[in-house]
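The values are calculated or read from the model by the stated rules, or taken from the named source; none is laboratory data. On a predicted model such as this, the values are computed, not experimentally measured, just so you know. Note that each Cβ is placed from the backbone with ideal geometry, even for glycine, and that neighbours are counted across all protein chains shown. Keep in mind that these areas ignore ligands, DNA and RNA; they rest on the heavy atoms of the full protein, side chains included. Shrake-Rupley method; radii C 1.70, N 1.55, O 1.52, S 1.80 Å.
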Amino acid sequence: MKKNHFLCLLAVVLMSSLSQGQKRKNDPIVSQAAPIAMAPKLVVGIVVDQMRYDYLTRFWDQYGDDGFKRLVGEGFNCKNHHYNYAPTSTGPGHASVFTGTTPATHGVIGNNWFDKQTGKDVYCAGDDNYTSVGSSSDAGQMSPHRMRTTTVTDELRLHTQKRGKVIGIALKDRGAILPAGHTANAAYWFEGGTLGKWITSSYYMEALPQWVVDFNNSGQADAYKKPWNTLRPVHTYAESGTDANAYEGMFKGETTSAFPHDLPQLWEGNGHYEILKTTPYGNSLTLDFALAAVEAEELGKDLITDFLTLSFSSTDYVGHFFGVNSKEIEDTYIRLDLELARLLGTLDEKVGKGEYTIFLTADHAALDVPAYLKDSKIPAGYLDMKGIRERFAGYLQYKFGTTDVVRSHSNGQIFLDHKILANLDIDIQEAQEDIARELLDYPGIGQTYTAHQMWSTDFTQGIPYLLQKGYNQKRSGDVLTVPDPAFVSSGTTGSTHGSAQIYDTHVPLLLFGKGIKQGSTVHRTEIPDIAPTISVLLGIAFPNGTIGKPIAEVLEFK
Ligand SMILES: [Zn+2]
């Protein structure tokens, strides 16, 4: 923006100088200087929830020319892009993409966590200081207040004196709220259940804008209450496992996990509009709404950069329910590819080819269904959480005389009661070490670390490096546990994520459009690199907790 104004001003000055008869030929500032920034009219930051990097390659032959293939072909593909911390889950993922830092700094240490100050479990985007807008439920009692640093979207707002618009959209509240930052004009998410409408929080506004009301009344969500069958004949989906198998979940009322999934029939037994989330229709509805926002909010219409954050949540719901290797996930990505083509086509038309910039990444990847891996002779399995809890309680009783020394646990971390330990005259560091040693003995637990280690050692590689980047001194626990690779504590159908293992960290990063080179790299890049890269492109300040580095090779200018 600034640069454009500057050039316009310069041109005016030069022209007036020339008209006054002064010779100013070949002015070096105009003809030779590298641009200071290449701010597009619109940035669209896309997060595909639970997208593994290999979904690009595995389904490549199924994709059309105008979606993923256009982003890769005309843009830049970072093939070795990773989360550099754990836990790899949705809240921390969305926060890290847009803040350029990790939970150690931005403080979003999980989707939910035990809050040491209040002794309560908290939700990453929950905030009961605000009320729902567009709903009578508590689904709108949200804000980004638990994210302690600024986002690239915040910095854009500050840089443009709040003239650049920022809007966040996702089915999931946290997928809309955290990327849009603290200063966003709006964040919208979808309340399923019997409502089936896009809502927001009084943090942003007192009433929904008319275009949102109109969209909600348009019947667009109801249009997706139709059977879900594969887009193409199911036998052509050679890149996934058999349609009916024991590794997939079934909707209530289904007797097989195979296609078709008859939504009208399953509607009432599966939470009404809620079921849309676990189908590719949830992504389509998200894009319908996002395009309505582009139109009504006139995003990318003037020279001041606007920023749309768009998170596709259904990929995660489908992955959790049916698994990484399912026909359902393949169909979901084939359809997402078409939605990306629809997005790009619309932006070409409304904003202009070459006038906008897109990046696409994920908030985490996912593990194949452990039961399937196990049946394929790969070491994998499920933690016996009931057994672990009983054995651990017995140990605490024996060692400390009470189980009360443990206050809570979340995200694989144990939170100790420092007051009780002090009363028992037990050194906290010793207690941490004793417990870490005990838990290491349990089947399925591969590594354990103490908070003391996180405080006192600078880890530079491997799992402890990722744990440390996810470790927030004010918020994280006393003992950290790491399951063996491909061991999880969830049910035996569907995929999950959250670990520091590479199957959860390896995600795509595609950049495309104004200011972005065509090309690819296999050099390791990390999630916190995205925000400073976009900041350089826009010529704005880096988010205030940034630890990532701009990825120089993707930028058309240096
Ligand atoms: Zn998930």
Would you mind checking the pairs LYS120/LYS165; LYS225/LYS514; LYS350/LYS558; LYS350/LYS514; LYS327/LYS374; LYS327/LYS517 and listing those with alpha carbons more than 26 angstrom apart?
LYS120/LYS165; LYS225/LYS514; LYS350/LYS558; LYS327/LYS517
Student exercise, segment 380-517 dipole from Lys, Arg, Asp, Glu Cβ charges, in Debye to nearest 20:
760 debye
For all pairs of alpha-carbon atoms in the chain, what percent lies in each bin of width 20 Å, listed from the first bin to the last filled one?
21, 53, 23, 3, 0
For the chain, what is the mean residue ellipticity at 222 nm derived from helices alone (per DSSP H run of n ≥ 4: -39500 (n - 2.57); sum divided by total residues; nearest 500 deg cm²/dmol)?
-9500 deg cm²/dmol
Order these peptides, 527-534, 80-87, 386-393, 487-494, by their mean beta-carbon neighbour count within 10 angstrom, highest first.
527-534, 80-87, 487-494, 386-393
Calculated diffusion of segment 476-539, Stokes-Einstein form, Kirkwood radius summed over Cα pairs, 10 °C and 1.306 mPa s, µm²/s:
103 µm²/s
Whole-number accessible area per residue in Å² for the chain, which is evaluated in the context of all protein chains at 1.4 Å
41 Å²
What does the net charge come to around LYS549 if you take all other residues with beta carbon closer than 13 Å to its beta carbon, with K and R at +1 and D and E at -1?
-2
Packing rank of 171-177, 446-452, where each peptide gets the mean count of other beta carbons within 10 Å, highest leading:
171-177, 446-452
Based on the alpha-carbon gyration tensor of segment 83-138 and its eigenvalue square roots a ≥ b ≥ c, which shape applies: rounded if a/c is under 1.5, prolate if not and a/b is larger than b/c, or oblate?
oblate
Expressed as a whole percentage, what fraction of the accessible surface of segment 352-461 belongs to carbon and sulfur atoms when a 1.4 Å probe is rolled over the protein heavy atoms?
48 percent
Might you report the magnitude of the Cβ-based charge dipole of the chain about its Cα centre, with Lys and Arg at +1 and Asp and Glu at -1, to the nearest 20 debye?
1780 debye
Segment 207-363, Kirkwood Rh and Cα Rg, ratio Rg/Rh at 1.01
Please name whichever of LEU158, TYR63, GLY193 sits farthest to the positive end of the charge dipole of the chain, dipole taken about the Cα centre and charges placed at Cβ: Lys and Arg +1, Asp and Glu -1.
LEU158
Ranking THR448, TYR83, VAL406 by how far each Cα lies towards the positive end of the charge dipole of the chain (+1 on Lys and Arg Cβ, -1 on Asp and Glu Cβ), the top one is TYR83
Carbon and sulfur atoms account, in whole percent of the 1.4 Å probe accessible area of segment 41-114, for 40 percent
Assigning unit charges at the beta carbon (Lys, Arg +1; Asp, Glu -1) and nothing else, what dipole magnitude in debye, to the nearest 20, does segment 505-558 show about its Cα centre?
80 debye
Students often forget the sequence filter, so: which aspartates and glutamates lie under 17 Å Cα-Cα from LYS549 once same-chain residues fewer than 8 apart are removed?
GLU155, GLU526, ASP529
Calculate how many DSSP beta bridges within the chain are antiparallel, expressed in % of all such bridges and rounded to the nearest 5.
55 percent
Which order, highest average first, do 502-513, 360-371, 131-142 follow once you tally other Cβ atoms within 10 Å for each residue and take the mean per peptide?
360-371, 502-513, 131-142
Expressed as a whole percentage, what fraction of the accessible surface of segment 216-290 belongs to carbon and sulfur atoms when a 1.4 Å probe is rolled over the protein heavy atoms?
52 percent
